[in-house]
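Q: Please see the structure below; I have some questions.
The values are calculated or read from the model by the stated rules, or taken from the named source; none is laboratory data. Here the structure is a predicted model, which is why all the values come from computation and not from measurement. All Cβ positions, glycine included, derive from the backbone under ideal geometry; neighbour counts span all protein chains shown. Areas reflect the complete protein model, heavy atoms only, side chains present, ligands, DNA and RNA absent. Shrake-Rupley method; radii C 1.70, N 1.55, O 1.52, S 1.80 Å.
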Amino acid sequence: MKLGGFQKMTMIDYPGKLAATVFTVGCSFRCSFCHNPELVIPAQFPKPNNSEAEFFAHLSRRKGKLEGVCITGGEPTIQPDIIAFIKKIKALGFLVKLDSNGSQPEVLKKIIAEKLVDFIAMDIKSSQKNYNKAIGLKFDIKKINQSVKMIMASGIDYEFRTTVVPGIHSEQDFEEIGQWIKGAKSYFLQEYRERHILDPKLKSQTAGQTLDLQKIKKILKPDLKNVGIRENN
Ligand code: SF4
């Protein structure tokens with residue numbers, strides 16, 4: 001596993017659970033608004049903060065105190081040994097939440113079939129027609145759609161979420177997202193804040209622009225019962 005490091009304890013990364021968060025390095029997408037560019041491009045992350053051995057030593061010490069582990073990135077499912085890594089965490093008795101961009105449905109399929117995780121949070125980067133614009137490269141939208149359908153049918157707890165970025169998204173995108181994931185159990189709109197991002201040029205497109213998250217929530221209501229807003233402080 002290419003690990004960037006881990007956070008010893010979090011009360012916000014895993015809904016309702018006291019957890020540790022582990023970060024993997026490398027991603028299949030290049031979202032200009034990404035807040036973790038050093039986890040996306042391995043060359044920008046020369047030295048991990050913690051080793052895998054240190055991470056597992058921390059978990060062993062926190063057995064009975066922490067309830068779960070959140071695996072995030074970058075994109076965890078591009079790591080060749082992700083399944084073995086999850087099994088090792090589960091063997092210690094922790095719940096596992098996986099954050100994913102849904103780019104590797106074949107990996108998600110194995111994870112779901114073996115019920116290796118207890119919660120999946122998948123990013124919906126944009127409407128299907130504007131997906132490539134949001135992720136910064138060309139990608140087969142059928143794969144994303146496959147992941148969406150599998151997660152919704154999995155019986156595993158899940159959420160979808162979108163970071164709402166002026167200059168990347170329009171209200172129309174959310175009308176289409178609502179129809180696309182109609183009936184999804186849980187969907188969150190995440191506020192975009194201009195700070196350290198993958199492509200600083202985006203700042204000239206977003207400057208002074210806003211999208212009203214409450215209005216977008218109303219747009220989504222007919223298709224999605226449970227829409228939340230996460231403010232980014
Ligand atoms: S925001 Fe985009 S580029 Fe950044 S980690 Fe997530 S999927 Fe990868």
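Q: Of the beta bridges DSSP finds with both residues in the chain, what % are antiparallel, to the nearest 5? Walk me through the numbers on the way to the answer.
A: Working: 5 of 34 bridges.
Bridges in the chain are about 15 percent antiparallel.
Q: Sticking with this structure for a sec: Which one of PHE85, PHE33, PHE23 has the biggest mean-square fluctuation once the chain is modelled by GNM with Cα springs under 10 Å?
A: Of the options given, PHE85 has the highest mean-square fluctuation.
Q: With a 1.4 Å probe and every protein chain kept in, tell me what percent of the accessible surface of the stretch 3-163 is carbon plus sulfur.
A: Details: 3850 of 7020 Å².
Carbon and sulfur together cover 55 percent of it.
Q: Then there is this: Among PRO80, GLY26, GLN128, whose Cα lies farthest out toward the positive end of the dipole of the stretch 3-163, if unit charges sit on the beta carbon of Lys, Arg (+1) and Asp, Glu (-1)?
A: Value: GLN128.
Q: Treating only the Cβ atoms of Lys and Arg (+1) and Asp and Glu (-1) as charged, compute the dipole magnitude of the stretch 1-96 about its Cα centre; round to the nearest 20 debye. Before the final figure, lay out the partial values.
A: Details: 12 positive and 7 negative charges, 70 e Å.
The dipole of the stretch 1-96 has a size of about 340 debye.
Q: Sorting LEU98, LEU211 by accessible area (1.4 Å probe), largest first, what list results? Provide the component values of the computation, followed by the final result.
A: Working: LEU98 0, LEU211 45 Å².
From most exposed to least exposed: LEU211, LEU98.
Q: Which of the GluC sites (Glu not before Pro) found in the stretch 159-190 are loop residues per DSSP with 14 or fewer other Cβ atoms within 10 Å of their Cβ? Mind showing how you got there, number by number?
A: Values: sites: GLU159, GLU171, GLU175, GLU176; in loops: none.
Hits after loop and neighbour filter: nothing returned.
Q: Moving on to the next point. Could you rank ARG193, ARG61 by how accessible they are, 1.4 Å probe, largest area first?
A: Numbers: ARG193 90, ARG61 140 Å².
Highest to lowest solvent-accessible surface, that is ARG61, ARG193.
Q: Along each principal axis of its Cα atoms, how long is the stretch 55-118 end to end? Whole angstroms, biggest number first, please.
A: The Cα atoms of the stretch 55-118 stretch 33, 23, 16 Å along the principal axes, largest first.
Q: What whole-number value in Å² describes the accessible area per residue of the stretch 3-163 for a 1.4 Å probe? It would help to have the intermediate numbers written out before the result.
A: Numbers: 7020 Å² over 161 residues.
So the stretch 3-163 comes to 44 Å² accessible per residue, rounded to a whole number.
Q: Hey, got the Cα dimensions of the stretch 3-163 along the principal axes, in Å, largest first?
A: Result, largest extent first: 47, 38, 27 Å.
Q: For ARG230, ARG161, ARG195, give the ranking by accessible area with the largest first, probe 1.4 Å.
A: Values: ARG230 75, ARG161 30, ARG195 100 Å².
Descending order: ARG195, ARG230, ARG161.
Q: By per-residue mean of other Cβ atoms within 10 Å, what is the highest-first order of 72-83, 131-142, 178-189? Kindly include the intermediate steps, with their values, before the conclusion.
A: Numbers: 72-83: 20.7, 131-142: 15.2, 178-189: 17.2.
Peptide ranking by packing, descending: 72-83, 178-189, 131-142.
Q: Is the stretch 146-233 rounded, prolate or oblate when judged by the Cα gyration tensor, a ≥ b ≥ c being the square roots of its eigenvalues, rounded requiring a/c under 1.5 and prolate requiring a/b larger than b/c? Before the final figure, lay out each step's value.
A: Values: a/c = 2.17, a/b = 1.73, b/c = 1.25.
Judged from the Cα gyration tensor, the stretch 146-233 comes out prolate (a/c at least 1.5, a/b above b/c).
Q: Using helices alone, I'd like the mean residue ellipticity at 222 nm for the chain: each DSSP H run of four-plus residues gives -39500 (n - 2.57), total over residue count, nearest 500. Walk me through the numbers before you get to the answer.
A: Details: 9 runs with 74 residues, N = 233.
The per-residue figure over the chain is -8500 deg cm²/dmol.
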